[in-house]
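A quick write-up on the structure given underneath.
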Amino acid sequence: MNAIETLKYFNSRTDAMIASMRELVEIESPSFDVSQSAIVVNWLENAFRGVGLDLHIERVPAKGYGEHLIVRAFPDEAKPVLLLGHTDTVHPVGAKLRNPTRIEGDKFYGCGIFDMKSGVILMLEALRFLAETGTQPARPITILLSCDEEVGSYTGKALVEQESEKADHCLVFEPSANGKVKTGRKGTGMYTVKAHGIPAHAGLEPEKGASAILELSRQIERLHALNNIPFGTTVNVCTASGGTTINVIPENAECTVDVRFSSLAEAERIYDEIYALEPFDARVSLEVLGNINRPPMERTKAVIALFEKAQSAAASFGYTLEETQVGGASDGNFVAALGVPVLDGLGIAGDGAHTLDEHILISDIAKRATLVALLLKD
Ligand SMILES: [Zn+2]
C-alpha cells in the first residue's frame, strides 16, 4: 500500500479514531490517581487486543501512581522501534466539566487530548493499520505508556531506560509544536540556594546583624549572570523568600533556580558554578541543594537523519513536516541520554497543553496517522 492509499485508509478511519479519542479523554486520569489509571489501562488493553495482532501485553503497577503499559508487536531478532507516551494528564477529575470533550469546527477539545491521549490513539491505530492491511513493519514495535510522566517520571524513568537500551530508535508521541516535531529539547536543573545570616534588632543594633536577604539578592544577580542565551543556557530565580518580620534583620532567605541547557557540558558548568557560590558577607553562610534533573535531548546527526526520513515520508503524500527545538523536557530526554535517536512531538497538531483550552485539529488526524504508519513500515 503506497502513501496515498495509506492516507485514504486513515481518512476512512477518522470518525472511528475520533470516537476512540473521545472515550479515552472522557476517562479522566490525573497523575497519582491509581483507580482512574487502572480504568484507562483497562480500556487500552482491550483496545490493543482488538486490533487483530498477536501482542504481548504487560501491565506494570507503580505504587501511588497507577499502571504502566507495555505492548510488544512483531517480535523478531531485530532491535525494535520504541513508541513512547503517557496515560496521565495534568487535569484533576472533574476538569472535563470546564473543558467538555467536544468538537467546534476543526477543533476537538478535551482535557488531555493534546497531551497526549490522541497520541496514544495514533499508536493504537498504527497497529490496526498494520494488521488490517497485512503490512509487515520494518522492525518489531514496542509501545511504552507510562503513568507518571507529568509529575517527573519517578517510576516510569527506569522502564523508559530499560526499553530504550533495547531499541534502535524512538518515536515520542508528545504534542507537536504547531505541527512541528521536536528534534531537540533542553535539559533541566532545579536548585535551591539558601542564605543563613545573623538576626538582630533592625532599630537598636542593626550592625550586629548580617542580612540573609541582602546576601541572597546579591547572589541572585550572580545567578542571572550565568545565563548564556547563545549557548541555549537559561538560569532563572523563580521564587524567593526570607525574613520573619519588619523590624528584624533577616537570618534566613532562600530562592529556587530553574536551569535549562542544550548540552551536558553547560549543565555541568552551571552545576559547578552554583555549588561554588561564595558569600559576599563572610558572616553569612550559603547552602545549595539540587541537581541536574533531565539531561538534554541533543540534535545529533542521528536525530537529524531520523527527522529527514520523516520529512520525506510526509512529502510522499503532500504533507509538510517541520522541526523545532524547545525548552521543555519530556521522557524523550532520558532516551536521548542513552544515545538512542529520538524524534519527539509526533502528536497531532493542536494547542493549549495543560490548560482548559486544550484541543487538537481534526484535519491533522489522518495525516499524522499516515506519517506514523509510513515511519513504522519503512
Ligand atoms: Zn505529555
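Any residue at all in the stretch 188-195 that is within 19 Å of the chain's Cα centre (by Cα), within 16 Å of the ligand (Cβ to nearest atom), closer than 30 Å to residue 89 by Cβ and of a type outside the set (Phe, Trp, Tyr)?
First, pick out the residues of the stretch 188-195 that are within 19 Å of the chain's Cα centre (by Cα): 188-190.
With the extra rule that they be within 16 Å of the ligand (Cβ to nearest atom), the set shrinks to 188.
If we keep only those that are closer than 30 Å to residue 89 by Cβ as well, we get 188.
If we keep only those that are of a type outside the set (Phe, Trp, Tyr) as well, we get 188.
For the stretch 188-195, residues within 19 Å of the chain's Cα centre (by Cα), within 16 Å of the ligand (Cβ to nearest atom), closer than 30 Å to residue 89 by Cβ and of a type outside the set (Phe, Trp, Tyr): present.
Can you tell me which residue within the stretch 156-174, out of those that are touching a residue at least 12 places away in the same chain (Cβ under 8 Å) and open to solvent by 10 Å² or more (accessible area, probe 1.4 Å), is nearest to the chain's Cα centre (by Cα)? Spell out the reasoning first.
Of the stretch 156-174, the ones touching a residue at least 12 places away in the same chain (Cβ under 8 Å) are 156-157, 159-161, 163-174.
Among the residues that remain, those that are also open to solvent by 10 Å² or more (accessible area, probe 1.4 Å) are: 157, 159, 161, 165-166, 168-169, 174.
Details: 157: 12, 159: 15, 161: 15, 165: 19, 166: 21, 168: 20, 169: 17, 174: 6 Å.
Among residues in the stretch 156-174 that are touching a residue at least 12 places away in the same chain (Cβ under 8 Å) and open to solvent by 10 Å² or more (accessible area, probe 1.4 Å), the one nearest to the chain's Cα centre (by Cα) is 174.
Just the residues that are aliphatic (A, V, I, L, M) and under 19 Å from residue 93 (Cα atoms), please, taken from the stretch 9-25. Even if it seems obvious, please write down each step before you answer.
As a first pass, look at the stretch 9-25 and keep what is aliphatic (A, V, I, L, M): 16-19, 21, 24-25.
The answer is 21, 24, 25.
Which one is nearest to the ligand (Cβ to nearest atom), of the residues in the stretch 160-185 that are within 18 Å of residue 348 (Cα to Cα) and polar (S, T, N, Q)?
176
Conditions (1) open to solvent by 30 Å² or more (accessible area, probe 1.4 Å); (2) at positive phi; (3) not aromatic (Phe, Trp, Tyr), marked per residue:
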{"residue": "23", "(1), (2), (3)": "yes, no, yes"}
{"residue": "28", "(1), (2), (3)": "no, no, yes"}
{"residue": "40", "(1), (2), (3)": "no, no, yes"}
{"residue": "48", "(1), (2), (3)": "no, no, no"}
{"residue": "51", "(1), (2), (3)": "no, no, yes"}
{"residue": "59", "(1), (2), (3)": "yes, no, yes"}
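Report, ordered by the first and then the second residue, all pairs with beta carbons closer than 7 Å, sequence separation of six or more or different chains, a first member in the stretch 85-96 that is closer than 17 Å to residue 38 by Cα and among the hydrophobic types (A, V, I, L, M, F, W, C), and a second member that is modelled with pLDDT under 95 and open to solvent by less than 10 Å² (accessible area, probe 1.4 Å).
Filtered contacts from the stretch 85-96: no entries.
Just for the stretch 339-371: of the residues that are within 16 Å of the ligand (Cβ to nearest atom) and closer than 18 Å to residue 170 by Cα, which one is surrounded by the most Cβ atoms within 10 Å (Cβ to Cβ)?
Per the stated criteria, the residue is 342.
What is the residue count in the stretch 83-110 for residues that are within 16 Å of the ligand (Cβ to nearest atom) and either hydrophobic (A, V, I, L, M, F, W, C) or in contact with a Cys (Cβ under 8 Å, 6 or more places away or on another chain) (or both)?
9
Out of (1) away from the ligand (no atom under 16 Å from the Cβ); (2) more than 23 Å from residue 21 (Cβ to Cβ); (3) of a type in the set (Phe, Trp, Tyr), what's the single condition that is false for residue 154?
Unmet for residue 154, out of (1) away from the ligand (no atom under 16 Å from the Cβ); (2) more than 23 Å from residue 21 (Cβ to Cβ); (3) of a type in the set (Phe, Trp, Tyr): (1).
Condition first: crowded, with 19+ Cβ neighbours inside 10 Å and modelled with pLDDT under 95. Now tell me which residues in the stretch 118-155 satisfy that.
The answer is 148, 149, 150, 153, 155.
Can you say whether residue 336 is modelled with pLDDT under 95, at negative phi and either surrounded by 17 or more Cβ atoms within 10 Å (Cβ to Cβ) or within 16 Å of the ligand (Cβ to nearest atom) (or both), as far as the supplied structure shows?
Numbers: modelled with pLDDT under 95: yes; at negative phi: yes; either surrounded by 17 or more Cβ atoms within 10 Å (Cβ to Cβ) or within 16 Å of the ligand (Cβ to nearest atom) (or both): yes.
So residue 336 passes the test.
The values are calculated or read from the model by the stated rules, or taken from the named source; none is laboratory data. Note that this is a predicted model, so its numbers are computed, not measured. Please note: Cβ atoms are built from the backbone with ideal geometry, for glycine as well, and neighbour counts cover all protein chains shown. Only protein heavy atoms, including side chains, enter the accessible area calculation; ligands, DNA and RNA are left aside. Shrake-Rupley method; radii C 1.70, N 1.55, O 1.52, S 1.80 Å.
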